[in-house]
Amino acid sequence: VDVALGGVEKLYGSAQADSIERATTEGFDGHLFLIDIVALRLRRVARQLCGRGKIPEEELNTLRDRLTDAKDHLQPTKEAANLANSHLRGRAALRERLAEVEAARERLSYALGQFDERDVNDQRTIGSVAIDAILRDAGQHVPQGPVAAALGRRADVAASLTPPEALSKHGVEYSTDAYSCCDARELATQGDAIFFQLGKVQLGPGGGFVGADDGDGLISHEAFVLLSRDGKQSVKSVDRDDGFTHLGMPLYATEGHFLRASLLLPEVLRRLSTSGVYSPGTSERQLLSLLGRSLTKGLTKSEGQAEALLHKARAVHAVLSRFTDAPSGAFLLDAVTAEVRRFMEDAEARAQTPDLFAIAGAGLLVDGLEADSLGKLADLLVKESLRRRVAHALRGAG
C-alpha cells in the first residue's frame, strides 16, 4: 500500500490478504460503494491542497484531472438513478448521496481555481483563511446527511422484506405502469410501489380536500418523483389531456407489494397535508376522504372505474387495519367504524362531522353493514349535505 502526498509517495507498506472480493457497480450496494470511493478520493484532493501556498502548474493539472475523473466515474450511477424505467432499487437514496458528493466536488473545484492564476472564468476571490476552511471541511469524513441516511435505511428495509408474490395474468396487465414499464411485482422487488394518480388538489384547512380529481390511472412512486421533479411540476397523463400533481391511494396488488407501499406512504401523505408534515394516525385519514370522492364521482361507473374503486377500497381498508388512531390509540378501522355508527345514530354527531366524503368512504369499509344500513347511510349523507348547502346559502343571503 503506497500513500502519496502532494503527488509524491511518502509511505510504503504491504499486508497479507487471505481473500479479495472485487467490488462492482451492479445493484444498489455497488453504486453506493462507488459513490463512497469517489467521496474518499475527493477528500484526498482537499487534504493535498490544505495549507498550501503556490502550487506548480503540473500538479494543478493533475488535480483538475482527478476532479474530472470523479465526475466521470459518477456519471453511470447518476444516469441509472435518474431513469424512470430503471430496475435499480434505492434510486432515491443514490440521488441524495450523489447530490452530497457532487456539492463537495463543486466546492473543491472552486477552491482549486483560487490556486490557478490561469483561471479567468471565475473572478471571485477569497482569502487564504477562507480557502483553508473550505479545504479542511472538504477533507473531513462526514457521515451521509440525514435525508440520504433515511432513504438508505428505507431501501434496506424494503430489501429485507419477503419477496413479493407472483401476479396473475390479469394482475400483470392491470398493474403495469406505463411510465416505469413495470408491473406491481417487478416494482416491489425494487422497493417501489404503485399508486393511483391524483390531480387538481386543493387541501382543506382542517383536513380533507376542498377539491381533488381522484383518477384511475396508475404510476409508481419512483417514476412520479422523477417525472414531477419531486412534486414540483405536473406529470402528463397517458390516458387523458390534463396531468396530475400528486399520488393518491396505493394499489393493493399483493401483500408483498403493499408492504413496500406502506414504507412509501408517509412520503405520499406528507404531500397531502397543509403543513407538509406526515402525522402518524392522522394523515392516513386523507385516504378516506379520497375514497369517498372516488365513490361519489359520477352517477354511473364504467367497469374500469368500478374495478379501480374496488382496489382503492381494499387498499384503504388495509391501511386503516394496520395503523392506529392518534387520539384514541385504537386501530384506525375501528375508530372510523365507530364514527360511522355515531353518524347514523346521532343528529348532533352528523352536524359536527367535518368531512362527509370521509364518512362516505368509511361506509364502504364497515364490516357487517347490511344493504339497508348502507341505504340509510347514503340518505343521511345526502340530507346532511343538503342541510349544509342551504345553511351556507342563507349565510350568504343575510
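The values are calculated or read from the model by the stated rules, or taken from the named source; none is laboratory data. Note that the structure is a prediction, hence the values are computed from the model and not measured. All Cβ positions, even for glycine, are placed from backbone atoms using ideal geometry, and neighbour counts span all protein chains on display. Surface areas here come from the heavy atoms of the whole protein model, side chains and all, with no ligands, DNA or RNA. Shrake-Rupley method; radii C 1.70, N 1.55, O 1.52, S 1.80 Å.
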Which residues, taken from the range 252-306, are among the acidic types (Asp, Glu) and closer than 18 Å to ALA150 by Cβ? GLU267
When both residues are 6+ apart or on different chains and their Cβ atoms are under 8 Å apart, which pairs have a first residue that lies in the range 318-342 and is among the hydroxyl-bearing types (Ser, Thr, Tyr), and a second that is open to solvent by less than 50 Å² (accessible area, probe 1.4 Å) and in a loop (DSSP other than H, G, I, E, B)? THR324/GLY281; THR324/ALA330; THR337/LEU365; THR337/VAL366
Take the residues of the range 369-390 that are modelled with pLDDT under 90 and of a type in the set (Gly, Ala, Ser): which is farthest from THR353 (Cα to Cα)? ALA371
Does GLY6 count as surrounded by 12 or more Cβ atoms within 10 Å (Cβ to Cβ), at pLDDT below 90, out of contact with any His (no Cβ under 8 Å at 6 or more places or on another chain) and on the phi > 0 side of the Ramachandran plot? yes
Selected residue (criterion: modelled with the lowest pLDDT) from residues of the range 56-74 that are closer than 15 Å to LEU42 by Cβ and of a type in the set (S, T, N, Q): THR62
Looking at the range 41-48, can you tell me whether even one residue there is at pLDDT 90 or above, within 12 Å of ALA104 (Cβ to Cβ), among the β-branched types (Val, Ile, Thr) and open to solvent by less than 70 Å² (accessible area, probe 1.4 Å)? no
Which number in (1) farther than 13 Å from VAL201 by Cα; (2) surrounded by fewer than 15 Cβ atoms within 10 Å (Cβ to Cβ); (3) among the polar types (S, T, N, Q) marks the one condition that SER237 misses? (2)
SER273 assigned to a loop (DSSP other than H, G, I, E, B), farther than 15 Å from LEU198 by Cα, of a type in the set (S, T, N, Q) and open to solvent by less than 50 Å² (accessible area, probe 1.4 Å): no
So GLN197 ticks every box in (1) open to solvent by 20 Å² or more (accessible area, probe 1.4 Å); (2) more than 15 Å from ALA84 (Cα to Cα) but one. Which box is left unticked? (1)
Under 18 Å from LEU356 (Cα atoms), assigned to a helix (DSSP H, G or I), in contact (Cβ under 8 Å) with a residue 12 or more places away in the chain and open to solvent by less than 50 Å² (accessible area, probe 1.4 Å), is that true of LEU295? no
Restricting to the range 321-376, name every residue that is within 17 Å of LEU290 (Cα to Cα) and not in a helix (DSSP H, G or I). THR353, PRO354, ASP355, LEU364, LEU365, VAL366
Picking from ALA351, ALA318, which residue would you name as being more than 28 Å from the chain's Cα centre (by Cα) and open to solvent by less than 60 Å² (accessible area, probe 1.4 Å)? ALA351
